[in-house]
Amino acid sequence: MHGSSGVAHLADRHPSVTPERLVAQLVPPPTFADVSYDSYRPDPSEPSQGAAVQSCRDFCEQAALRRAGKKKLFGKREVLPGVGVYLDGGFGVGKTHLLASTYYTLSKDEAAAGYPAAFATFGELTQLAGVFGYNECIDLLSEYVVVCIDEFELDDPGNTTLISRLLSALVERGVSIAATSNTLPEQLGEGRFAAQDFLREINTLAQIFTTVRIEGPDYRHRDLPPAPEPLSDEEVAQRAEGVDGATLDDFDALCAHLATMHPSRYHALVEGVTEVFITGVHPIEDQSVALRLVALTDRLYDAGVPVLASGTKLDTIFSPEMVAGGFRKKYLRATSRLLALTAAAQRTV
């Protein structure tokens, strides 16, 4: 239902992404543009949150020293291997806030002056390696002080091997690695694939990291009402017309459009959009369609773009069978984020 309204459609956008743009995108998302360790608010009833802040500060100190290297005779410096920190916890305990704060702290660290910091989702990192090639990606990132990886996931054996070797090579060259996930390093890939060959890769990866566990409830749900009753198609279309910079799409048309491009382009797809309106939302049966929607949700959440939809409730998009499967954590995270974006849309009314 595109109708004849003058509202733009995401399905009409066909962004392209250059290698230069991929490198320029290696920064925290707009939602986390102004965060710091000081602005993180630990829950007083969850001591692990305050402890995590200190662990991250310690990591930054170590990472900067490692990158500076050890001074040898004749003023040459010896490269010291990087260090790793792995922030593990459920949804909404502030892991990305702490990861972005780590990025900003090391960006400004005098000991690491002249060495840039990188911030990427796990998907963006695999995409970077795909675009530049494995060796070129190592060359590109080997002069960084830190690579921050948000939502570390190992969804297939190929990516496991690729990222494990990439990070090991970077650590050898003095780059430190900070990562967030909902899965402990030694459990990465658990329940997804059981190939013995890849267990060795995962164990190598686990040895790089010091794991910091962060407990607590999802802060996004602290004051959130349950999923709101969806509006009608007409109400959504009408609401979209009153918002400058909004997009209005039929759910199936949008899902079909997402299949025409690599998820690394979703960042550019939603650039400049003020609010996303979707009609005819319904439960998804196809896993690949669902995973693309997860990737789009992450980009919308990163950019703080409110979402308003008609059709089924947003907490029923992913079927119980899907949520019970190997990508459970992705679907739960996406649902949590969609509800937060819907609450934001309700507040703008």
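The values are calculated or read from the model by the stated rules, or taken from the named source; none is laboratory data. Since the model is a prediction, treat every value here as computed from it, not as a measurement. We place every Cβ from the backbone using ideal geometry, glycine too, and count neighbours over all the protein chains shown. When the accessible area is computed, the model is the full protein with side chains, heavy atoms only, and any ligands, DNA or RNA have been set aside. Shrake-Rupley method; radii C 1.70, N 1.55, O 1.52, S 1.80 Å.
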5 Å is the cut-off here: which amide hydrogens, built 1.01 Å from N in the peptide plane, fall below it relative to Gly84, excluding neighbours closer than 5 in sequence? Ile177, Thr210
Pairs of Cα atoms under 8 Å, at least six residues apart: use those to get the relative contact order of the stretch 14-106, whole percent. 36 percent
Here the net charge surrounding Leu140, from other residues whose Cβ is less than 12 Å away from its Cβ (Lys, Arg +1; Asp, Glu -1), is -3
Leaving out ligands, DNA and RNA, and with a 1.4 Å probe, what % of the accessible surface on the chain is carbon or sulfur? 52 percent
Ordering 44-57, 255-268 by per-residue average of other C-beta atoms within 10 angstrom, highest first, gives 255-268, 44-57
Which lysines have a Cα lying under 19 Å from the Cα of Lys95, excluding residues fewer than 8 positions away in the same chain? Lys329, Lys330
According to a simple spin-label model (label point 7 Å from Cα along Cα-to-Cβ), what is the distance in nm between Thr316 and Asp34? 3.9 nm
Rounded if a/c under 1.5, otherwise prolate or oblate - the stretch 19-214, Cα gyration tensor axes: rounded
Ranked from highest to lowest mean number of other Cβ atoms within 10 Å per residue, what is the order of the peptides 298-311, 232-245, 159-172? 298-311, 159-172, 232-245
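With Cβ to Cβ distances under 13 Å as the rule, what net charge do the other residues near Val273 carry (K, R +1; D, E -1)?
Here the count lands on -4.
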How long are the semi-axes of the ellipsoid equivalent to the chain, from square roots of 5 times the Cα gyration tensor eigenvalues, in whole Å, largest first? 37, 21, 20
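Okay, helix-only estimate at 222 nm for the chain: each DSSP H run of n ≥ 4 adds -39500 (n - 2.57), divide by all residues, round to 500 deg cm²/dmol; what do you get? Each step should come with its number before you reach the end.
Working: 13 runs with 151 residues, N = 349.
The helix contribution divided over the chain gives -13500 deg cm²/dmol.
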